[in-house]
Amino acid sequence: MLYCLSRYGHSRLLMVMFCLLFLFSSAYAEEADIQEEQPALSLESDILFLDTLSPPTDSEVVNEVPAAALSLPPPLEPPPLKSVSVMLDWYLSPQHVALVAAQERGLFTAQGMDVELQTPADPTIAIKLLAAGEVDLALTRQPILHLLVHENMPITRIATLIETPLNAVIVKGETQPENATQLSGLHYGYSTREGADILVPELIPRSVRQTDAFLSPQSVHFNPVSAFDEGNIDAIADGFFHFLPQQLAANGITTHTVRYRDLGIPRHDGLIVIANSDSLARQANTWSRFLIALDEASDWIVENPTQAWQLLTDAHPILDNPINADAWQDILRRIALSPAALDTRRYAAFETYLLKEGLIDAELPISRLAVDPHTL
């Protein structure tokens, strides 16, 4: 019986194996037929991608490159220039050349400033406008600075343009007075507080001023030529010695000059830039950049005096005249090479002089009178 079962099992196994072989052979035959139907691949054959590898795209949607990649961004605009107004001491002249050169050569612009030079209708109002905040900077002379600061005017020197006095006593006549007595007997005119409050007392002793024959000095209102022409004065206490003698000579009036040093007045700065002391700390960076431009201008002027004169007269043709041309070389020698640099001994000496003459009650600290903006 076991034998019969064994033979029956083998028969079943053989039938299963035969069926499997038949199925495999049929599948192989179908695959071969399919391969025979497909053409051989060549360079001209179309390549088909399965949908699963390349998802369908909407033909109406176009992926554009961002605009930022197609064109450069617009350039950044430079920051706006800071406006700075400078009130001159009087009409524009060669002594202002550092300001003109810095403006015309773009040195102020390079420091981020738009500087406007203004001429006062009345020179006496320039410092008043500065104290009131109507202008940013003003020009004056060192002696006037001392007098006004002692009157609590909120002003401080921040730069020097001309290192020596530009004014002197201009006296009618060719003969030099031989002594102080002759000078004291003259009838004086003046234009500024410097002439009225410092020079006149120096020239005319109190004993003379107390006599009945004494003629009080008179203001010439910044027009000394007319005062001389009309015979109203014998001398002016604070005339510009570069220009006034030549102007008077053109009208037939001869003069001679008495320098301040010959009268015992200490050497001092002839032309300075002053700022409002109340805003000095707040504006320190601006004034420092202003001084950088002036420093570069002064250096260029000294290195290129001929070109500097040409620049000055091209920018302001009214200055191109024989009187200014004759004064040019002497003014060049007096230009401050480092406008910000402060000679504290000079300011201290002038305070001492004013105290000695009884013009002030006490000396002020130099920091109240003058500063170097680079050190603030």
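Residues in the stretch 238-261 that are over 19 Å from HIS187 (Cα atoms) and not hydrophobic (A, V, I, L, M, F, W, C) were compared, and the one that is nearest to the chain's Cα centre (by Cα) is HIS242.
Residues in the stretch 203-226 that are part of a helix (DSSP H, G or I), in contact (Cβ under 8 Å) with a residue 24 or more places away in the chain, under 40 Å from the mean Cα position of the chain (by Cα) and surrounded by fewer than 19 Cβ atoms within 10 Å (Cβ to Cβ): 1 in all.
Here is a yes/no grid of residues against (1) in contact with a strand residue (DSSP E or B) (Cβ under 9 Å, 6 or more places away or on another chain); (2) at pLDDT 95 or above; (3) on the phi < 0 side of the Ramachandran plot; (4) in a helix (DSSP H, G or I):
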| position | (1), (2), (3), (4) |
| --- | --- |
| ASN285 | no, yes, yes, yes |
| ARG289 | yes, yes, yes, yes |
| ILE301 | yes, yes, yes, yes |
| ASP314 | no, yes, yes, yes |
| ASP330 | no, yes, yes, yes |
| ARG345 | no, yes, yes, yes |
| ILE360 | no, yes, yes, no |
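Filtered by the rule that a residue be more than 16 Å from THR257 (Cα to Cα) and surrounded by fewer than 21 Cβ atoms within 10 Å (Cβ to Cβ), the stretch 178-201 gives THR181, GLY185, ARG193, ALA196, ASP197, PRO201.
Being without any contact (Cβ under 8 Å) to a residue 40 or more places away in the chain, of a type in the set (Gly, Ala, Ser) and under 27 Å from GLN95 (Cβ atoms) is the filter here; which residues of the stretch 335-366 pass it? If the condition is that a residue be without any contact (Cβ under 8 Å) to a residue 40 or more places away in the chain, of a type in the set (Gly, Ala, Ser) and under 27 Å from GLN95 (Cβ atoms), then ALA348 is the only one that fits.
Taking the criterion of being at pLDDT 95 or above and either touching a Ser or Thr at 6+ places or on another chain (Cβ under 6 Å) or hydroxyl-bearing (Ser, Thr, Tyr) (or both), the residues of the stretch 173-190 that qualify are TYR188, TYR190. Would it be correct to say that ALA275 is touching a helix residue (DSSP H, G or I) at 6+ places or on another chain (Cβ under 9 Å), of a type outside the set (Asp, Glu) and farther than 20 Å from GLN95 by Cα? When the stated conditions are applied, ALA275 does not pass them.
Considering (1) more than 23 Å from ALA138 (Cβ to Cβ); (2) surrounded by fewer than 18 Cβ atoms within 10 Å (Cβ to Cβ), the lone condition that ALA284 does not fulfil carries the number (1). Between ASN251, ASN304, the distinction of being of a type outside the set (Lys, Arg) and assigned by TED's automatic domain parsing to the domain that holds ALA138 belongs to ASN304 only.
The values are calculated or read from the model by the stated rules, or taken from the named source; none is laboratory data. Predicted model, so just to flag it, every value in this text is computed and none were measured. FYI the Cβ positions are ideal-geometry reconstructions off the backbone, even for glycines, and counts take in every protein chain you see.
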